[in-house]
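J.: A single structure is presented below for examination.
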Amino acid sequence: MGYAMKSANIQLGRIYGIKIGVDYSWFVVFVLITMSLSTQYATLHPQWSPTTHVLVGIVTSLLFFVTVLLHEMGHSVVAIQKGIPVRSITLFIFGGVAQIAREPKRAVDEFWIAVAGPVVSFVIAIACMLGSVAMKPISGVANAVLTWLGQINLVLALFNLIPGFPLDGGRILRAILWGWKGDFKSATRTASGVGQFVAYSFIFAGVITALRGNFFNGLWIGFIGWFLLNAAQTSYRHAALKQSLAGLTVRDVMSTDCPVVSGSIPLSEFVHDEVLRTGQRCFLVTQFDKLVGIITLHEVKQIPQAEWNSTPVATAMQPLDHLHMVHPSDPLVGILEKMTTEGFNQLPVVEEEKLVGILGRDRLLQLIQTRLELG
Ligand SMILES: [Zn+2]
C-alpha cells in the first residue's frame, strides 16, 4: 500500500532516516493474527505443547510485521532513489503506509515506486517457501513458520496488485495510463474509479459470504471493502485538491490590507470600534509599534463576552511566535493540510523578516472551491 493517513501511533525508531511507527489499530490485528495462528498450529501440529503454539504464533506475527515493513521499505528506497524524501512508515490495521513527501513528477518514477513493494513481497514469499522446504528435515517449527510467511507474503503481493487506487496496483495502473496518455488527472480518475469498483465488489462478496453463514469471514471481507472505498475516495479528493492548487503560491491568495490594532486596547473597544465598524475579520496586533500577533473573530469568541472590558487584545490574540510563518513564494499545496491539522485559520506571510500579508484559510478554501467547480 502507499498513501498517506494521519492517526495516533507509537514511534519505534528510524531506518535510513525514515521514522517507523505503529498505529494503535495494528495491535488489534497483531492479537487476531497471533490467536488465529496459535489455533492453526494447534490443529496442524498437535504434538507441540500449548505454550509452543502460542509462542510460535507470536514469533510468526512479529516476523509478518517485519515483512510488511520490508514491503514499505521497498517503496521507500525506490522513492528516495528517485529524489523523493520519505518521512515515515506507519503500520496499521490493514498493513503499512509509507508517507512520501510529494507525488512523483514522472509516470516512470511512480511506476517503479509502486512496483517495488509487491516485488519485495514476492521475493520474500519465494525465499520463505524455499526456506521452508530446506528446514523441513531440520525443524518442524521453522518449517511451519516459513510456510505461513511464504503464503501470506504471496497473498500480500497479489492483493496489493489489484489495479484499484489506493492499492499499489492502482498506482501502477495510474502510472501506465499517465505515461501512455500523458494526462495525470484522467489517469487518477480512472484508477480511483477502478478502486471504487473493486471496493464495492469486496463489500458485495462480504455480504454474500455472511448470508451464506460464514459471518466472521463475510464481515472481514466487507470491512476490507469499506476501507478500500474510503481510501479510494479520499485519495481521489486529495489528488484533485493538489491538482487544483498546482502552480499557485501564497502570494496569489494572501491579503495585504490587514488593519492594525493596538494590543493594549480592551476587547470590547476592539469589537465595537474596529470589527463592527469595518467588517474585517482579521487584524494585526502591535505593541509599541512592533508586530506581536494576529487576532480574528475566532480568538474573540474564545473569551466570554462579560470579560471583554477587562481583557486586552494582546491577551486574546494569537502571538506571532506561536504561528507558523510562510513565505510569499511557498507553494499552496501542503499549506492547507498544515493549517487544517494544526488548527491555524490565519498564517502570517513574511518576506525578508517583514510581514507582507496574511494567508487566510477561508480565502484558500474559496479559491479551491472555485477552481474545482470550473474544472
Ligand atoms: Zn505497497
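Each value in this text was obtained by applying a stated rule to the coordinates, not by laboratory testing. Being a predicted model, the structure only gives us computed values, none of them experimental. Using ideal geometry, Cβ is built from the backbone for each residue, glycine included, and neighbour counts are taken over all protein chains shown.
J.: Using Cα-Cα distances under 8 Å and only pairs 6 or more residues apart, what relative contact order does region 9-161 have, in percent? Please list the in-between numbers first.
T.: Working: 205 pairs, mean separation 32.1, N = 153.
Once normalised by length, the contact order is 21 percent.
J.: If you don't mind, another one. Given C-alpha coordinates of region 250-373, what is the ratio Rg to Rh with the Kirkwood estimate of Rh?
T.: 0.98
J.: For every helix of n ≥ 4 consecutive DSSP H residues, a contribution of -39,500 (n - 2.57) applies; sum these over the chain, divide by its total residues, and give [θ] at 222 nm rounded to the nearest 500 deg cm²/dmol.
T.: Only helices count here, giving -19000 deg cm²/dmol.
J.: Per 0.36 nm of contour for each residue apart, how much would the distance between Val271 and Leu55 grow if the chain were fully extended, relative to their Cα-Cα spacing?
T.: Between Val271 and Leu55, full extension yields an extra 71.1 nm.
J.: At 0.36 nm per residue, minus the direct Cα-Cα distance, what do Asn230 and Arg87 gain on full extension? Give it in nm, one decimal, please.
T.: Roughly 49.2 nm would be gained on extension.
J.: Now for a separate question. Could you compute Rg(Cα) / (2.2 N^0.38 Å) for the chain, with N its residue count?
T.: That works out to 1.27 for the chain.
J.: Can you figure out the FRET efficiency of Leu158 with Gln366, using R₀ = 56 Å and their beta-carbon distance, to the nearest 0.05?
T.: With R0 = 56 Å, the Cβ-Cβ based efficiency is 0.80.
J.: A follow-up question, please. Given DSSP loops and a limit of at most 15 other Cβ atoms within 10 Å, what is the longest stretch of the chain that contains no such GluC sites (Glu not before Pro)?
T.: Counting at most 15 other Cβ atoms within 10 Å as exposed, the longest clean stretch of the chain is 1-351.
J.: Still on this model: Which one, His327, His75, His298, has the greatest fluctuation when you compute a Gaussian network model over the chain with C-alpha springs under 10 angstrom?
T.: Taking springs between Cα atoms under 10 Å, the residue moving most is His298.
J.: Enumerate the aspartates and glutamates that Lys290 could reach by cross-link, defined here as Cα to Cα under 14 Å, with residues fewer than 8 away along the same chain left out.
T.: In chain and number order, the partners are Asp321, Glu353.
J.: Now for a different question. Which helices, taking whole DSSP H runs in the chain, have alpha carbons extending 24 angstrom or more along the helix axis plus mean Kyte-Doolittle at least 1.0?
T.: Helices meeting the criterion: 24-44, 50-81, 107-135, 140-160.
J.: Give me the aspartates and glutamates in straight-line cross-link reach of Lys82: C-alpha distance below 19 Å, same-chain residues under 8 apart excluded.
T.: Within reach: Glu72, Glu103, Asp109, Glu110, Asp168.
J.: Also: Working out 0.36 nm times the residue gap between Tyr200 and Thr256, then minus their Cα-Cα distance, what length gain in nm do you get to one decimal? Working shown, then result.
T.: Numbers: separation 56, 0.36 × 56 = 20.16 nm, distance 4.80 nm.
Value of the extension gain: 15.4 nm.
J.: Go through Lys105/Lys242; Lys301/Lys338; Lys19/Lys185; Lys242/Lys338 and tell me which ones have a Cα-Cα distance over 20 Å in this structure.
T.: Flagged as over cut-off: Lys301/Lys338; Lys19/Lys185.
J.: Here is a further query. For the chain, what relative contact order do you get, as a whole percent, if you take Cα pairs closer than 8 Å and at least 6 residues apart?
T.: Value for the chain: 10 percent.
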